[in-house]
Amino acid sequence: QQQYSSSSDFMEGPQPDQQHTSSKRVNQNHQSATSLAGLGDKQQQQQSNNTEANNNNSNNTHTVRKTRIDTLRKDARRHYIEGDYKLSIHSYSNALSLFAEEPVLNEADARSVLLANRAAALMMVGAYKASAADCKAAIQSVADPVPRKGMPLTVEGGPVLMAKLYTRLGRALLKRGKLPEAAVSFQHGIEIVETTVAYATEQDSPSCLQYLSQTRIDAEAGGADCQRLKENLNWLESNLLKSILEVSQASRRTLLKALSSINSALSISPGHLHLHEIKGATLVSLGRWRELYLGLERYASETVRYDGVFIQDLEDYDEFRKIGHARFLSPKLFESCQTAEELAKLKISTKAVTEVVLRLPYTLQPMYLRALRLEERYHHESAACTVLRDFNIVHGGMNDEDGEPFDYSWLDGERKKLDKTVSDKESGDSHFRKGNYQAALLAYNSCLGIDSEGLKDLPETTAGGRLHAVLHCNKAACLMALKKYLEAVVECNVALKIHQTYMKATLRKARCFVRLGRFDEGIAEYGRYISLVKSAREDDTFLSSPCIFDGPKDVTDSDLQTAKEELKEAETAKVHSDSVKRAEAVQREQREKFFQETFGVGGSGSGIGSGSGSGKGGGVGGVGSTAQNRRDNWYNQSSSSQGGNADPRRWDSFRGRGPRSRSTPASEPEGEGPRSSSTNEKSSTGGPFKSRPSSPVDYYSVLNVSRTASVSEIK
């Protein structure tokens, strides 16, 4: 306001001299009186009186209009300083209409000054196109735009005014996103200042020098903003983010950097429509639907600022003529939000939503409707779809810059998606309440599949938003009921990626870990749940997620108490589990020690290199090597017990007897049957093989266990 108030506050100069005009009219009256010399004295006197009356009326009319213009100009300036830009624009428009009725009043660039000041007020309400048009019209109206020697300089006309007009035109063009034209206008303003400063110095005009100095500062600042905007646009172009399609194919990391660059560019050029489109597509790809619809609602509410300002010669710039003035939408809705949490929880009325969707550019309307659906604002989207359909029927829809109507064939598809979303979700909830968990899973999956574009780093059927976070959390509940806890953890993780402080998903994830016996992870999730609730209750400004639903502040005392009790149960179960694990470790250590002391080897089949037995395979781990070591150890012990005589037939599992003949009676003692093979006969006749010891081996003694030992002890 300070920038434009100083520029619009042109000093009031002396009133135009009317003596020349009056003397000219008197001469004309004298000539008229002379031409009537042949008439009678009475008729001549009457006509002379009429002519004089007309002259007086004309002079009075001029005086009244000039006084009215001066009054309107002062009112407009006062309204501008007070920040009531709409009334300021009305006053300037009314003053300009008087110039249109009587062009002779346009003296000393007075009309150019009014246009320049109205352009400043239009820029303050966001009507950048009309502001640029006023600047261009004022430039065309300046009487002496180029300084010349001997020409008196004034701040409200000539080259001084011209420099200011080019600077203001550059700012209006930059606000609209017309970067090349804006840069040229700022450069023109600087050049005019440089040319005019020398003349102002010669004339020793401090007011003009001060005015030119401020104009140069404004123009150079505008040039710097042009350079910043150019750098941001070049970065987006170099990262292939020039179109909505390219945005959908970019990585998540690139999109996050792009969002910062876009916000910086929009702070310079808030009326740059293409930047708003790229930002919308970026938020769609990131799944930040709440941030998207809040941004679009703010964008639409800003257009309400210039409702009613396009009067008289500005009527052609009113892009919402068919829609009418907003009654329920206001920029004050967003100005009242002082904190990020208040803004995130802001919900406008259904009637305000219908005004938002009509005020959005065509390319942003599909994004807005989808954002409403994915944030479960079903009634709002339904009303928006209806008002768009009715508007197309009554007014033939909206037109592009060439006057061609936009294609709204996508509207029916979005309405079908809305109906199916509501139907599938309600069906899933109904099945869950009835205990049909498998059917509920199918319904939730069907609802997720409606938006199959997917997000970065998330399953392809997940588009983000409140709706999909709830659906994944509901799927986790179904899987828990089906005792598929590991799959339920996966669903909870997806829901938490969408909404980091989704408390219901956090609690279900903790319960799944406990049921899986992963107590450390379960206790950690319970601790996170309780910590978030505590932080939210202690800090009024707590806000840790772009999605605000079922957050830490929504947890009731009973829910918190339940979580604390479950945490204690999980800790108790962990203590018991740890004690069982310690007992098993002790038993395992005892078995290892027993095998080591008894057989001189490690436990039953440890890793490579286990066992200390000699011979083939003595150093190789696994079941085969330890069994061989135990076998060798047993033979060695048996040989020692027999006086050092090793068993020559240790390879023979039948101990020289061979398989028992079918004709051998079942009651025949083992080892006393007839020999059926020549080998056996050879051993009985004193061959190279000796018979095994006749006494049976006491395996209980070998294993050092009692005869009443259990199977596990023997193993």
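The values are calculated or read from the model by the stated rules, or taken from the named source; none is laboratory data. It should be emphasised that the depicted structure is a prediction, and the values quoted were computed from it without experimental measurement. Every residue, glycine among them, receives a Cβ derived from its backbone with ideal geometry; neighbour counts consider all protein chains shown. These accessible areas exclude ligands, DNA and RNA; they are computed on the full protein's heavy atoms, side chains included. Shrake-Rupley method; radii C 1.70, N 1.55, O 1.52, S 1.80 Å.
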For this session: Using packing as a proxy for protection, rank 170-178, 511-519 so that the peptide with the highest average count of other Cβ atoms within 10 Å comes first.
Result: 170-178, 511-519
For this session: Extending each Cα 7 Å along its Cβ direction at Ala100 and Glu194, get the distance between those two points in nm, one decimal.
Result: 3.9 nm
Exercise. Each label point is 7 Å from the Cα along the Cα-to-Cβ direction; what then is the distance between the points at Glu565 and Lys715, in nm?
Worked result: 4.0 nm
Exercise. Ignoring ligands, DNA and RNA, how do Tyr211, Tyr368 rank by accessible area with a 1.4 Å probe, largest first?
Worked result: Tyr211, Tyr368
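Would you mind getting the Kirkwood hydrodynamic radius of the stretch 100-208 from its Cα pairs, rounded to one decimal in Å?
14.2 Å
All other residues with a Cβ under 12 Å from the Cβ of Ile348 taken together, and with Lys, Arg as +1 and Asp, Glu as -1, what is their net charge?
It works out to a net charge of +4.
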For this session: For Glu302 and His274, calculate 0.36 nm times their separation in residues minus their Cα-Cα distance, and state this gained length in nm to one decimal.
Result: 8.4 nm
For this session: Using a 10 Å cut-off on Cβ atoms, rank the peptides 373-385, 429-441 from the highest mean neighbour count down.
Result: 373-385, 429-441
For this session: For an R0 of 60 angstrom, estimate the FRET efficiency from the Cβ-Cβ distance between Asp144 and Ser251 and round to the nearest 0.05.
Result: 0.55
Problem set entry | Surface accessible to a 1.4 Å probe, per residue, for the residues of the stretch 549-596, Å² | 71 Å²
Exercise. To the nearest 10 square angstrom, what accessible area does Asp557 show with a 1.4 Å probe?
Worked result: 110 Å²
Exercise. Between Phe328 and Lys416, what FRET efficiency follows from the Cβ-Cβ distance if R0 is 35 Å, with the result rounded to 0.05?
Worked result: 0.80
Seminar exercise, completed: Subtracting the Cα-Cα distance of Asn392 and Leu516 from 0.36 nm times their residue separation yields 39.0 nm
Exercise. Rounded, prolate or oblate: which fits the stretch 288-425 when a ≥ b ≥ c are the square roots of the eigenvalues of the alpha-carbon gyration tensor, with rounded for a/c under 1.5 and prolate only if a/b beats b/c?
Worked result: oblate
Problem set entry | Inverse of mean 1/r across different Cα pairs in the stretch 156-235, Kirkwood, Å | 12.7 Å
For this session: Using only protein heavy atoms and a 1.4 Å probe, report how much of Asp218 is accessible, in Å² to the nearest 10.
Result: 20 Å²
For this session: With label points built 7 Å along Cα→Cβ from the Cα atoms of Gln210 and Gln438, find their separation and express it in nm.
Result: 8.7 nm
Problem set entry | Förster radius 22 Å - calculated FRET efficiency between Ser238 and Glu181, Cβ distance, rounded to 0.05 | 0.40
